[in-house]
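**Q** A single structure is presented below for examination.
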Amino acid sequence: MQIVNRTAVREATADDYGAIADVMFNAVRHGRSEYTEEQRRAWVPQPRSGCDWVARLDSQTIFVAMNSKRVIGFMSLAANGYIDFAYIQPFAQGTGVFRRLYQSIEKLAQNNGVARLWVHASLMAQPAFATMGFAITKREVIDFGEQCLARFEMEKRIINLCSCKCEHNEPLILITQSRGN
Ligand SMILES: CC(C)(COP(=O)(O)OP(=O)(O)OC[C@H]1O[C@@H](n2cnc3c(N)ncnc32)[C@H](O)[C@@H]1OP(=O)(O)O)[C@@H](O)C(=O)NCCC(=O)NCCS
């Protein structure tokens, strides 16, 4: 059976933070990459841990993809529509897990009335987010110590008509005309 068919997506808890850090480390250091070994080491020198890591994760909603009770990927949504994390274990990349996680993020964003999702996408993530409907808004180079990494800022407008309000704060009423048979 395909990996994605055996994968369940749920919201993460603080108990998942260690596993999440390992997924991030493996994805960057051991997955296919368009960055050099030095760039990857500078990006994630070791699995993240500590108070700053916990505080950063606590401040957003994180979805984890679970396979045989193991975390094989995660994606997160911060309050301003920012997708802070998107990482998949190397063995599960290219198997549909990215799309499953993204669908959970977009659904949550729509339920929260978020109009725009945005992300800083790595060179590997850019085609995956483009497939989900994101467009490039900026090309950037960021410094990690002595290493410079290229990445893209991307965005997707998600329209939620149900939460639209007119200027008097009244719900938007859509009037449609249908022809009787
Ligand atoms: C970036 C990352 C999260 C993407 O996950 P992934 O599992 O490799 O993503 P996929 O290859 O399944 O791509 C997702 C979708 O985009 C499509 N896609 C990917 N590359 C594509 C390309 N070059 N052209 C067309 N479509 C492409 C895939 O076909 C897939 O669509 P599908 O669901 O219809 O099959 C993962 O590779 C990873 O963890 N990389 C290392 C860390 C990293 O860079 N994280 C991102 C930080 S922003």
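**Q** Sort out which residues of the range 96-134 are surrounded by fewer than 18 Cβ atoms within 10 Å (Cβ to Cβ) and of a type in the set (Ser, Thr, Tyr), and write them in order of number.
**A** Selection gives THR131 alone.
**Q** Name the residues in the range 82-95 that are in a helix (DSSP H, G or I) and crowded, with 21+ Cβ neighbours inside 10 Å, would you?
**A** Selection gives ALA92 alone.
**Q** Filter the range 73-90 for residues that are modelled with pLDDT of 95 or more and either more than 10 Å from the ligand (Cβ to nearest atom) or more than 19 Å from VAL44 (Cα to Cα) (or both) and give the result.
**A** Answer for the range 73-90, where residues must be modelled with pLDDT of 95 or more and either more than 10 Å from the ligand (Cβ to nearest atom) or more than 19 Å from VAL44 (Cα to Cα) (or both): SER76, LEU77, ALA78, GLY81, TYR82.
**Q** How do the pairs read when you match residues in the range 88-107 that are touching a residue at least 12 places away in the same chain (Cβ under 8 Å) with residues anywhere that are part of a loop (DSSP other than H, G, I, E, B) and not small (Gly, Ala, Ser), using Cβ under 6 Å and keeping only pairs 6 or more apart or on different chains?
**A** The qualifying pairs are TYR102/MET132.
**Q** Could you please give the count of residues in the range 46-74 that are exposed (fewer than 13 other Cβ atoms within 10 Å of the Cβ), without any contact (Cβ under 8 Å) to a residue 40 or more places away in the chain and part of a loop (DSSP other than H, G, I, E, B)?
**A** Residues that pass the stated criteria total 5.
**Q** Identify, please: which residue in the range 1-22 is loosely packed, with under 13 Cβ neighbours inside 10 Å, polar (S, T, N, Q) and under 20 Å from ARG99 (Cα atoms) and is, among those, modelled with the lowest pLDDT?
**A** GLN2
**Q** Moving to a separate point now. Let me confirm something: among PHE98, PHE25, which residue is within 8 Å of the ligand (Cβ to nearest atom), outside any loop (DSSP other than H, G, I, E, B) and either within 22 Å of PHE144 (Cα to Cα) or at pLDDT 95 or above (or both)?
**A** The unique qualifying residue is PHE98.
The values are calculated or read from the model by the stated rules, or taken from the named source; none is laboratory data. Given the structure is predicted, the values throughout are model-derived calculations rather than measurements. Positions of Cβ are generated from backbone atoms using ideal geometry, with glycine treated the same way; all protein chains shown enter the neighbour counts.
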